[in-house]
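A.B. asks: Dumping the structure here so I can ask a few things about it.
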Amino acid sequence: MIALRLAHAIDPVTWAQDLLGFTPDPWQAAVLRSTGRHVLLNCSRQAGKSTTAAVLALHRAFFYPGSLVLLVSPSLRQSGEIFRKVVAMLEDLEPIPHRREDNRLSFTLANRSRVVSLPGTEETIRGFSGASLIVEDEAARVDDALYAAVRPMLAVSGGRIILMSTPAGTRGHFHEAWKSGEGWERTKITASQCPRISPEFLAGELRDLGQWWYKQEYECEFVQNLDSVFDYGTVMSALSDEVQPLFSVGAP
């Protein structure tokens with residue numbers, strides 16, 4: 001029994017299969033076993049990124065006493081979706097772990113680990129510190145100021161941050177991290193790589209949504225916004241460190 005518990009603590013995949021009845025896709029297993037501190041998941045809709053994040057969140061809280069796991073998204077409703085997945089998995093365990101505190105937005109286990117669901121506003125985030133794991137869902141739609149506010153929470157704890165999303169144009173921190181960020185572990189899963197999404201369904205989506213939406217939602221491509229005058233590549237190629245600005249910051 002001790003050896004099995006140790007195996008479950010070391011390997012989230014074995015734990016999820018044995019106790020949650022969840023058999024991950026190969027890419028999910030790789031993410032669950034990853035030890036990277038900075039992880040990017042650029043995944044199609046319905047590929048399984050939220051389920052993967054929920055397993056990671058519960059595994060961290062269950063096996064690492066005193067952990068703080070934060071679930072962040074553009075809205076409280078979206079954060080609550082992942083939180084409900086974590087709670088459902090928790091209640092699938094036998095026996096169900098005791099919760100010292102339990103409400104609609106968070107719970108605290110007997111080992112003092114907390115899982116907290118938060119809306120996407122900077123003001124609600126700043127009261128937390130020492131996070132062990134931060135999961136940012138729909139990261140392409142999360143405000144950059146919120147992302148900047150959560151990063152310092154990992155400075156002392158040495159915790160992990162996972163940004164997961166489908167793309168939403170060629171702007172924002174998720175796009176920048178994916179295209180040029182250093183130190184990120186990247187995973188891209190398109191809809192055609194998901195065994196639960198049929199080619200027939202995708203053909204219908206392409207026909208009904210058109211290329212622009214389809215490429216973002218199902219092919220995980222960062223497509224130029226329709227309302228942009230200049231495309232991303234044109235803007236970036238126009239930038240130069242050799243050209244001096246006409247006005248300095250703070251000039252009258």
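A.B. asks: Do you know which of the residues in the stretch 66-80 that are in a strand (DSSP E or B) and not β-branched (Val, Ile, Thr) is farthest from Ser113 (Cα to Cα)? Spell out the reasoning first.
C.D. replies: Taking the stretch 66-80 and keeping what is in a strand (DSSP E or B), we get 68-72.
Cutting the leftovers down to not β-branched (Val, Ile, Thr) gives us 68, 70-71.
Working: Leu68: 6, Leu70: 11, Leu71: 14 Å.
Ranking the qualifying residues of the stretch 66-80, first place goes to Leu71.
A.B. asks: Out of everything in the stretch 83-113 that is of a type in the set (D, E, K, R) and under 18 Å from the mean Cα position of the chain (by Cα), what residue ends up being farthest from Ala53 (Cα to Cα)? Please lay out each step first, then the result.
C.D. replies: First pass over the stretch 83-113, keeping only residues of a type in the set (D, E, K, R): 84-85, 91-92, 94, 99-102, 104, 112.
Those still in the list that are under 18 Å from the mean Cα position of the chain (by Cα) too: 84-85.
Values: Arg84: 12, Lys85: 9 Å.
Across the stretch 83-113, the extreme among qualifying residues is Arg84.
A.B. asks: Any residue at all in the stretch 97-110 that's in contact with a strand residue (DSSP E or B) (Cβ under 9 Å, 6 or more places away or on another chain) and closer than 21 Å to Ala149 by Cα? Lay out the reasoning, then the answer.
C.D. replies: We begin by selecting, within the stretch 97-110, every residue in contact with a strand residue (DSSP E or B) (Cβ under 9 Å, 6 or more places away or on another chain); these are 97-102, 104-110.
Applying the additional criterion that residues be closer than 21 Å to Ala149 by Cα yields 105-106.
Yes, that holds for at least one residue.
A.B. asks: Out of Ala47, Ala53, which single residue is of a type in the set (A, V, I, L, M, F, W, C), assigned to a helix (DSSP H, G or I) and modelled with pLDDT of 95 or more?
C.D. replies: Step by step, each of Ala47, Ala53 is checked, and only Ala53 is of a type in the set (A, V, I, L, M, F, W, C), assigned to a helix (DSSP H, G or I) and modelled with pLDDT of 95 or more.
A.B. asks: When you scan the stretch 3-35, how many residues do you find that are surrounded by 14 or more Cβ atoms within 10 Å (Cβ to Cβ) and assigned to a loop (DSSP other than H, G, I, E, B)?
C.D. replies: Of the residues in the stretch 3-35, 5 are surrounded by 14 or more Cβ atoms within 10 Å (Cβ to Cβ) and assigned to a loop (DSSP other than H, G, I, E, B).
A.B. asks: Could you list, in sequence order, the residues of the stretch 107-135 that are under 13 Å from Pro74 (Cβ atoms), among the aliphatic types (A, V, I, L, M) and surrounded by fewer than 15 Cβ atoms within 10 Å (Cβ to Cβ)?
C.D. replies: Passing the criteria: none in range.
A.B. asks: Scan the stretch 47-69 and give yes if some residue there is over 24 Å from Ser106 (Cα atoms) and under 17 Å from the mean Cα position of the chain (by Cα), otherwise no. Steps first, answer last, please.
C.D. replies: Of the residues in the stretch 47-69, the ones over 24 Å from Ser106 (Cα atoms) are 47.
Keeping just the survivors that are under 17 Å from the mean Cα position of the chain (by Cα) gives 47.
Taking every residue of the stretch 47-69 in turn, at least one turns out to be over 24 Å from Ser106 (Cα atoms) and under 17 Å from the mean Cα position of the chain (by Cα).
A.B. asks: Sticking with this structure for a sec: Between a residue in the stretch 23-35 that is closer than 16 Å to Arg196 by Cβ and any residue that is of a type in the set (Gly, Ala, Ser), which pairs come within a Cβ distance under 7 Å, given they are 6 or more apart or on different chains?
C.D. replies: These pairs meet every condition: Pro24/Ala16; Asp25/Gly48; Gln28/Gly48.
A.B. asks: Could I ask something else about it? From the list Val135, Val156, Val86, which residue is β-branched (Val, Ile, Thr), modelled with pLDDT of 95 or more and over 25 Å from Phe222 (Cα atoms)?
C.D. replies: Val86
A.B. asks: Looking only at the stretch 169-206, count how many residues are in a loop (DSSP other than H, G, I, E, B), more than 17 Å from the chain's Cα centre (by Cα), hydroxyl-bearing (Ser, Thr, Tyr) and within 27 Å of Pro24 (Cβ to Cβ).
C.D. replies: 1
A.B. asks: While we're looking at this one, here's another question. Just one of Gly169, Gly204, Gly158, Gly183 is touching a residue at least 24 places away in the same chain (Cβ under 8 Å) and over 25 Å from Val69 (Cβ atoms); which is it?
C.D. replies: Values: Gly204 fails: touching a residue at least 24 places away in the same chain (Cβ under 8 Å); Gly158 fails: over 25 Å from Val69 (Cβ atoms); Gly183 fails: over 25 Å from Val69 (Cβ atoms).
Checking each option against the conditions leaves just Gly169.
A.B. asks: Can Arg60 be described as in contact (Cβ under 8 Å) with a residue 60 or more places away in the chain and not in a helix (DSSP H, G or I)? Give the steps one after another, and end with the answer.
C.D. replies: Working: in contact (Cβ under 8 Å) with a residue 60 or more places away in the chain: yes; not in a helix (DSSP H, G or I): no.
For Arg60, the condition - in contact (Cβ under 8 Å) with a residue 60 or more places away in the chain and not in a helix (DSSP H, G or I) - is not met.
A.B. asks: What is the number of the single condition among (1) β-branched (Val, Ile, Thr); (2) in contact with a strand residue (DSSP E or B) (Cβ under 9 Å, 6 or more places away or on another chain); (3) within 26 Å of Ser198 (Cβ to Cβ) that Thr51 does not meet?
C.D. replies: (2)
A.B. asks: Mind listing whichever residues of the stretch 125-150 are out of contact with any helix residue (DSSP H, G or I) (no Cβ under 6 Å at 6 or more places or on another chain) and either of a type in the set (Val, Ile, Thr) or part of a helix (DSSP H, G or I) (or both)?
C.D. replies: Once the filter is applied, which keeps residues that are out of contact with any helix residue (DSSP H, G or I) (no Cβ under 6 Å at 6 or more places or on another chain) and either of a type in the set (Val, Ile, Thr) or part of a helix (DSSP H, G or I) (or both), the stretch 125-150 yields Arg141, Val142, Ala148.
The values are calculated or read from the model by the stated rules, or taken from the named source; none is laboratory data. Predicted, not measured: the structure shown is a model, and the values here were computed from it. Positions of Cβ are backbone-derived with ideal geometry, glycine not excepted, and every protein chain shown enters the neighbour counts.
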